[in-house]
Amino acid sequence: MENHVTLTPAEGRSALSEMHVRTTAPTAILPLLAIGILLAGTTLWLNWRELQNFWSLPFTQSFDGMSHLVIGEYYAKHIFPRTWGWAPQWFGGMPFPDFYPPLYYFVTASLYYLLPFSYKAVAKAFLCGLSLMLPGVTVWVTPSQAKSWWAAGSAGCLTTILLSYQPYPYGIALDATLQNGLFTQLPGYVCLLLWQHYFLNARESSSAAAGAKFVLFLLVLSNAFIVPVAILFAAVTCISDIAQGGRNSSAVINSVKLYAQLMLLPVAAAAFWYVPLLLHSEYLVTMTLPSMSFHELVIAGIVPFGLTLVALVTSSVREDRKIQTIALVCILIAVASVTNFVSISASLPVQPFRLFASFCFMSCIPAGYLFGCFADRISRLPLRCFALMIFIAPFAQDLLMDKAAIYLRPLYRPKKTAACGSTRILPPTVLSTWKSHLHWKIPDILR
């Protein structure tokens, strides 16, 4: 018969703090680092041809990616270290950085001045490095949420597989980043992963609270399509904590104070860029893209959605509030990706298919949590490893079939869209609707 011990609130906070310390101690970091290096090597092996092509070509295969490289180099050479400047060659003259939050441009410009390499080499190395690091970052943040090393390992494996799918036009994955040119979404998602880790642990550790503030500052400067996910995550966490406080007014007030500090200070610090953006709002052009169809969501996301839903129920029964929060946010993001924002406003900077990418990658953590719950019931290590192989086999099978179709057909050439010559920049349903809203043409010189 199991013995259940009831902890006081102070003892509960102490236990959570102890868990956070254990997962961030040097002896605990070494196994996570080893897993991260192994997954980075696996990602490199699975995507060697794509990475090689990205490095060897003097330009990128997409209009978005080429724009990021060209205007990023202009910013690095003519505007940096100023945070704002004037770019006379674009749109008849415009303030820059504009349209996209500037973290990508700030980081690549800084590296360009610190390292003896061309801007193109620095920008490509930055994106490739982040892509290889993403599975390791997922492994590092998962133990403090799922409380299981096996959950961390399986979440990292799923992230590696998802990174390597091709074609994958929604964002974050290697195909979307390197081939379709969605350069800024990947740094934004890395910031999101790190921020939600620190944010969920802010109550147990002052260092986690400081990390949450700093990373949120980076996040709001990283990508316009990641910021709504962070807002949703913060709202769910705050409402959950306030609801748990119930009639205890002091607990509710303390929660409000804590989250106000964690959210408002970083946003205020980022005003150095957002205030000039609003002052130059006449140059800001935004457009809402059509939502994904429900059919497309079912085809592309039924497995991660189902696993996330089961993880939400399981974490509710087991009272694992961190996973419960992550799973609920994932489900809400999936719902948002099929929401018709065009009917609300045609000028909202919302691209639902990018929200879907955040859902897919973040759902790796709840899915890993489910495997961790199962693996904890297996006593022998070889059986756990075998169970992990069975768990990831369906995802790996799809990936290997996809890679075989590319590597076994060297003359294979993907069909190019009529939009700007890249390989499936947008999902077909989104692309066809988007093209009907466009009233401009790409200059012939860029073709």
Taking the range 53-82 only, how many residues are assigned to a loop (DSSP other than H, G, I, E, B) and either of a type in the set (D, E, K, R) or surrounded by fewer than 17 Cβ atoms within 10 Å (Cβ to Cβ) (or both)?
5
If a residue must be of a type in the set (A, V, I, L, M, F, W, C) and within 21 Å of residue 225 (Cβ to Cβ), how many such residues does the range 68-93 contain?
2
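May I ask you to list the residues in the range 288-317 that are among the hydrophobic types (A, V, I, L, M, F, W, C) and touching a helix residue (DSSP H, G or I) at 6+ places or on another chain (Cβ under 7 Å)? Walk me through it before giving the result.
From the range 288-317, those among the hydrophobic types (A, V, I, L, M, F, W, C) are 289, 292, 294, 297-300, 302-303, 305, 307, 309-313, 317; that's our starting set.
Within the range 288-317, 289, 292, 297, 305, 307, 309, 310, 311, 312 meet the criteria.
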Residue that is nearest to residue 361 (Cα to Cα) [pool: residues in the range 194-222 that are buried (at least 24 other Cβ atoms within 10 Å of the Cβ), out of contact with any Cys (no Cβ under 8 Å at 6 or more places or on another chain) and touching a residue at least 60 places away in the same chain (Cβ under 8 Å)]:
196
In the range 83-112, the residues that are closer than 27 Å to residue 351 by Cα, part of a helix (DSSP H, G or I) and among the polar types (S, T, N, Q)
108
Examine the range 259-270 for a residue that is out of contact with any helix residue (DSSP H, G or I) (no Cβ under 6 Å at 6 or more places or on another chain), among the polar types (S, T, N, Q), under 27 Å from residue 241 (Cβ atoms) and surrounded by 11 or more Cβ atoms within 10 Å (Cβ to Cβ), and state whether such a residue exists.
yes
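For the range 271-291, which positions are more than 24 Å from residue 234 (Cβ to Cβ), of a type in the set (A, V, I, L, M, F, W, C) and surrounded by 13 or more Cβ atoms within 10 Å (Cβ to Cβ)? Reasoning before the result, please.
In the first step, residues of the range 271-291 are kept if they are more than 24 Å from residue 234 (Cβ to Cβ); the result is 276, 279-285, 287, 289-290.
Retained after the next criterion (residues that are of a type in the set (A, V, I, L, M, F, W, C)): 279, 284-285, 287, 289.
Correct list: 284, 287, 289.
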With the requirement that a residue be free of Cβ contacts under 8 Å to residues at least 40 places away in the same chain and more than 17 Å from residue 360 (Cβ to Cβ), what does the range 334-343 give you?
343
Of the residues 387, 357, which is over 23 Å from residue 133 (Cα atoms) and in contact with a helix residue (DSSP H, G or I) (Cβ under 8 Å, 6 or more places away or on another chain)?
387
Residue count, the range 71-124, condition closer than 27 Å to residue 164 by Cα and in contact with a Leu (Cβ under 8 Å, 6 or more places away or on another chain), comes to 7
Between 331, 365, 323, which is without any contact (Cβ under 8 Å) to a residue 60 or more places away in the chain and either of a type in the set (Val, Ile, Thr) or touching a strand residue (DSSP E or B) at 6+ places or on another chain (Cβ under 7 Å) (or both)?
331
(1) surrounded by fewer than 24 Cβ atoms within 10 Å (Cβ to Cβ); (2) part of a helix (DSSP H, G or I) all hold for residue 134 apart from (1)
Single residue of the range 337-392 satisfying the filter (part of a helix (DSSP H, G or I), of a type in the set (Ser, Thr, Tyr) and closer than 30 Å to residue 287 by Cα) that is modelled with the lowest pLDDT:
343
Of the conditions (1) closer than 27 Å to residue 197 by Cβ; (2) surrounded by fewer than 24 Cβ atoms within 10 Å (Cβ to Cβ); (3) of a type outside the set (Ser, Thr, Tyr), the single one that residue 344 does not satisfy is (1)
If residue 231 passes every condition in (1) in contact (Cβ under 8 Å) with a residue 12 or more places away in the chain; (2) surrounded by fewer than 24 Cβ atoms within 10 Å (Cβ to Cβ); (3) among the hydrophobic types (A, V, I, L, M, F, W, C) but one, which one does it miss?
(1)
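The values are calculated or read from the model by the stated rules, or taken from the named source; none is laboratory data. All figures in this text were calculated on a predicted structure; none of them were measured in a lab. Heads up, the Cβs are rebuilt from the backbone with ideal geometry, glycines too, and the neighbour counts pull from every protein chain shown.
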